[in-house]
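Q: Pasting a structure below so you can have a look.
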Amino acid sequence: MSTAHLKEIADSIAAGTAIPYLGPEVLNLEPGSAVPSTPADLVQQLTSKVSVPHKIRNNLTAAAQFIENFKHRKTVVHLMNEAFAPGAQPNALHQYLNGLKKKPQLIVDTWYDDAMAKTLFGRSNWGQIQGVSQSEHLGTWVNYFNDKGEQIEAVEADSWDLILYKPLGSIIPAKNFIISDSDYVEVLTEIDIQTPIPQRVQELRNGANFLFLGCRFNNQLTRSYARQIMKRSSDKHWAVIEGPLTRMEEKFLEEQQITRIDLPLAQFVEWLQTGKMSKSLVAA
């Protein structure tokens, strides 16, 4: 990483061309999250309530599918509600994103928590677009909710100043979750031709730079979603990922022209807020 990369990010944010893309590890910016902050945490919580075969106990989507098959979809939804009902507290990154002034603004949030939405409460003219499961909403890929949490028609999103896009769903306002193998199969069957991606999101990503925060790409599903959501955007993106990458992560970042920023996320967020960073962390 160099100061040039940080300048590129700062310039993109100032120009309003940067799209924040949040992963579950954003919640770890504050210690002691009340809700699961990694897929490993979530699958452990689900399997502590319902027994699943040992070989899939650490596989989130497979475990959810087993529960869905043998205990019904309602059980999966109930367990997800239990996991995320305590609520997540907004942190410095959520507050920073809420303070950005460029309009229209798109924030992609790929976890099930409510922290970003909580931060936006009190604003006007914003809303959520949430991915929904075909097992519960056959023929519908996303639902739209205004700033009061009311479900509305897609056309209303065209005039929003800010869109919070939750492609995997969220605990609020309507408890939508894409979580099981079958949920993902349905979406990924169509996502290559972009059917599940909302039209407004497709419009706003044109020419944009994605800034990945709290994300890892060591899973095929996370790579597939990111690849398709990024489609037809710009050729310059960044991902803040500290430490060693897996071979598949390195390959994905290279393919998608994503520059890795090797910093602790908390340190990067501090830089976002203040514009300052320790010289020992940045190569000249």
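The values are calculated or read from the model by the stated rules, or taken from the named source; none is laboratory data. Since the structure is predicted, the reported quantities are computational estimates derived from the model, not experimental observations. Methodologically, a virtual Cβ is constructed for each residue, glycine included, from the backbone with ideal geometry; neighbour enumeration extends over all protein chains shown.
Q: Does at least one position in region 179-188 carry a residue that is over 16 Å from the mean Cα position of the chain (by Cα), of a type in the set (S, T, N, Q) and under 28 Å from residue 86 (Cβ atoms)?
A: Yes, because at least one residue in region 179-188 is over 16 Å from the mean Cα position of the chain (by Cα), of a type in the set (S, T, N, Q) and under 28 Å from residue 86 (Cβ atoms).
Q: Which of the residues belonging to region 70-107 are in contact with a strand residue (DSSP E or B) (Cβ under 8 Å, 6 or more places away or on another chain), in a helix (DSSP H, G or I), in contact (Cβ under 8 Å) with a residue 40 or more places away in the chain and closer than 30 Å to residue 12 by Cα?
A: Within region 70-107, 93, 97 meet the criteria.
Q: Ok, one more. Go through (1) surrounded by fewer than 19 Cβ atoms within 10 Å (Cβ to Cβ); (2) out of contact with any helix residue (DSSP H, G or I) (no Cβ under 6 Å at 6 or more places or on another chain); (3) not in a helix (DSSP H, G or I) one by one and return the number of the condition residue 218 breaks.
A: Here residue 218 clears every test but (2).
Q: Would you check if there is a residue in region 183-201 being closer than 16 Å to residue 22 by Cβ and assigned by TED's automatic domain parsing to the domain that holds residue 8? Give the derivation first.
A: If we filter region 183-201 for residues that are closer than 16 Å to residue 22 by Cβ, which is where we start, we get 201.
Within this subset, residues satisfying the condition of being assigned by TED's automatic domain parsing to the domain that holds residue 8 are 201.
Yes, region 183-201 contains a residue that is closer than 16 Å to residue 22 by Cβ and assigned by TED's automatic domain parsing to the domain that holds residue 8.
Q: Residue check: is residue 139 farther than 25 Å from residue 103 by Cβ and either in contact with a helix residue (DSSP H, G or I) (Cβ under 8 Å, 6 or more places away or on another chain) or in a loop (DSSP other than H, G, I, E, B) (or both)? Before the answer, list the steps.
A: Working: farther than 25 Å from residue 103 by Cβ: yes; either in contact with a helix residue (DSSP H, G or I) (Cβ under 8 Å, 6 or more places away or on another chain) or in a loop (DSSP other than H, G, I, E, B) (or both): yes.
Yes; evaluated as a whole, the condition is true for this residue.
Q: Among the listed residues 23, 16, 32, which satisfies the condition of being touching a strand residue (DSSP E or B) at 6+ places or on another chain (Cβ under 9 Å) and at positive phi? Working first, answer last.
A: On the way: 23 fails: at positive phi; 32 fails: touching a strand residue (DSSP E or B) at 6+ places or on another chain (Cβ under 9 Å).
The match here is 16.
Q: A follow-up question, please. Sort out which residues of region 151-167 are in contact (Cβ under 8 Å) with a residue 12 or more places away in the chain, over 16 Å from residue 106 (Cα atoms) and either more than 21 Å from the chain's Cα centre (by Cα) or assigned to a loop (DSSP other than H, G, I, E, B) (or both), and write them in order of number. Break it down stepwise before answering.
A: Taking region 151-167 and keeping what is in contact (Cβ under 8 Å) with a residue 12 or more places away in the chain, we get 151-152, 154, 156-167.
With the extra rule that they be over 16 Å from residue 106 (Cα atoms), the set shrinks to 151-152.
Hit for region 151-167 is 152, nothing else.
Q: Right, another one. Please work out which one of (1) farther than 16 Å from residue 183 by Cβ; (2) part of a helix (DSSP H, G or I); (3) in contact with a Ser or Thr (Cβ under 9 Å, 6 or more places away or on another chain); (4) outside the structural domain of residue 106 (by TED's automatic domain parsing) is the condition residue 58 fails and give its number.
A: (2)
Q: For residue 40, state whether it is over 17 Å from residue 133 (Cβ atoms), part of a helix (DSSP H, G or I) and under 19 Å from the mean Cα position of the chain (by Cα).
A: Values: over 17 Å from residue 133 (Cβ atoms): yes; part of a helix (DSSP H, G or I): yes; under 19 Å from the mean Cα position of the chain (by Cα): yes.
Yes, satisfied.
Q: Within region 143-163, can one find any residue that is modelled with pLDDT of 95 or more, of a type outside the set (Gly, Ala, Ser) and within 30 Å of residue 248 (Cα to Cα)?
A: Checked against the condition, which is being modelled with pLDDT of 95 or more, of a type outside the set (Gly, Ala, Ser) and within 30 Å of residue 248 (Cα to Cα), region 143-163 yields no hits at all.
Q: Now for a separate question. Could you check region 1-48 and list, in sequence order, the residues that are modelled with pLDDT of 95 or more, farther than 26 Å from residue 260 by Cβ and surrounded by fewer than 19 Cβ atoms within 10 Å (Cβ to Cβ)?
A: Within region 1-48, 34, 44, 45, 48 meet the criteria.
Q: Quick check on region 226-248. Is at least one of its residues hydrophobic (A, V, I, L, M, F, W, C), touching a residue at least 24 places away in the same chain (Cβ under 8 Å) and surrounded by fewer than 17 Cβ atoms within 10 Å (Cβ to Cβ)?
A: Yes, some residue in region 226-248 is hydrophobic (A, V, I, L, M, F, W, C), touching a residue at least 24 places away in the same chain (Cβ under 8 Å) and surrounded by fewer than 17 Cβ atoms within 10 Å (Cβ to Cβ).
Q: Moving on to the next point. Are any residues in region 176-203 of a type outside the set (Lys, Arg), buried (at least 17 other Cβ atoms within 10 Å of the Cβ) and either assigned to a helix (DSSP H, G or I) or free of Cβ contacts under 8 Å to residues at least 24 places away in the same chain (or both), and if so, which ones?
A: Let us first name the residues in region 176-203 that are of a type outside the set (Lys, Arg), namely 176-199, 201-203.
Applying the additional criterion that residues be buried (at least 17 other Cβ atoms within 10 Å of the Cβ) yields 176-184, 186-187, 191, 196-198, 201.
Across region 176-203, the qualifying residues are 181, 182, 183, 184, 186, 187, 191, 201.
Q: May I ask you to say which residue of 117, 154 is under 28 Å from residue 268 (Cβ atoms) and small (Gly, Ala, Ser)?
A: Details: 154 fails: under 28 Å from residue 268 (Cβ atoms).
Only one candidate passes the filter, namely 117.
Q: Check region 111-133 and report whether any residue there is in a helix (DSSP H, G or I), assigned by TED's automatic domain parsing to the domain that holds residue 19, modelled with pLDDT under 95 and surrounded by 17 or more Cβ atoms within 10 Å (Cβ to Cβ).
A: Narrowing region 111-133 to residues in a helix (DSSP H, G or I): 115-120.
Retained after the next criterion (residues that are assigned by TED's automatic domain parsing to the domain that holds residue 19): 115-120.
Narrowing the set further to residues that are modelled with pLDDT under 95 leaves none.
Within region 111-133, none of the residues are in a helix (DSSP H, G or I), assigned by TED's automatic domain parsing to the domain that holds residue 19, modelled with pLDDT under 95 and surrounded by 17 or more Cβ atoms within 10 Å (Cβ to Cβ).
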